[in-house]
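Please treat every number below as a calculation from the coordinates, not as lab data. Given the structure is predicted, the values throughout are model-derived calculations rather than measurements. As a convention, Cβ positions derive from the backbone with ideal geometry for all residues, glycine included, and neighbour counts pool all protein chains shown.
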Amino acid sequence: MVLVVLLLNGSAQPWVVIVLSLVVGVTDALSMPSFQSIVPSIVERDQIATGIALNSTQFNLSRILGPALAGVLMAGVGIVGAFAVSALSYVPFILVAVWILPRKMSAVAESESSRWDGAALWASVREVIHEPQLRGALQTVFVTASLCAPLITFCPLLVKDVFHGGAGQFSTALGAFGVGGLIGGSGLLAVDPNSDRRFISAGFAISYGVIVMLAALNPWAWGLPALLVLAGVAMTASNASANGLLQTHAPERIRGQSVSMFMLAMRGGMALGSLVTGLAVHLLGVSEALLLNGVVAVMVQFFIRRSWLKAL
């Protein structure tokens, strides 16, 4: 809503958008671990991975519907109107959240929630890092986020500079990525809950790196959406499998910290990867930078897979 007001006043500046993005990132960092931790609290332990896959399915469905609805709104009511509708769409969810929140908290819960125990926090972090199963999952997610996710970040530049396309072609590419994510999440629902998720996560992580390489080398405009479908499948299958493994194998007392570290690896990796890739794009060009990312991602993921699969 702040952005809508600024657009109406004609005072929206790039630095304002950056600050608002920072605020959104902070709120996501605070809310997403709690949101992710809801799944283990409502399903049996052997169904956690399936629950996370189902959650990924609904998330990626929004990737498909979002750009389509945004295009219709921008054509009908303009950019400012589209942002206004987006802001208003949060109102029902805010009202529901206020409605379901407990009216009061027990004295014990309130005391625990307000107490900061730095030593216990770092002990939990060290426990997650020192556990080979959990460490491998975090490493895989971080490398995928930092080296492969920039394919989506720099997709507009790829569309513009390489294929000389516009907003329509970018929307198609982004929608294709969402379709792939939906396919990947739906496919995981058919996987045996007792299967070893390391093979799935590591295999699709390596595939994601190969897809980034192919996207960088691809000379055809029609090939980009096709590759982004595959990228969506690979990213969702790898990250959701890693997340499921984390929440299944992490002890109850550090599950929240495990989820927080998963979000840090994913979101932090995306931020760091976009920054480094942006510098590479400036020096080498978008195709060359993405090709370099893909090559490094495949090599590093092979190394992580080898050590991860050795863990008992």
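Against the condition buried (at least 23 other Cβ atoms within 10 Å of the Cβ) and either closer than 21 Å to Gln139 by Cβ or in contact with a Cys (Cβ under 8 Å, 6 or more places away or on another chain) (or both), how does Ala297 come out, does it pass? Criteria met by Ala297. With respect to the conditions (1) crowded, with 20+ Cβ neighbours inside 10 Å; (2) more than 23 Å from Val191 (Cα to Cα); (3) in contact with a Ser or Thr (Cβ under 9 Å, 6 or more places away or on another chain), Val212 lacks only one, and its number is (3). Residues that are among the charged types (D, E, K, R) and either within 13 Å of Asn293 (Cα to Cα) or over 18 Å from the mean Cα position of the chain (by Cα) (or both) within region 245-282 comprise Glu252, Arg253, Arg255, listed in sequence order. Quick check on Leu157: is it in contact with a Ser or Thr (Cβ under 7 Å, 6 or more places away or on another chain) and touching a residue at least 24 places away in the same chain (Cβ under 8 Å)? In short, no.
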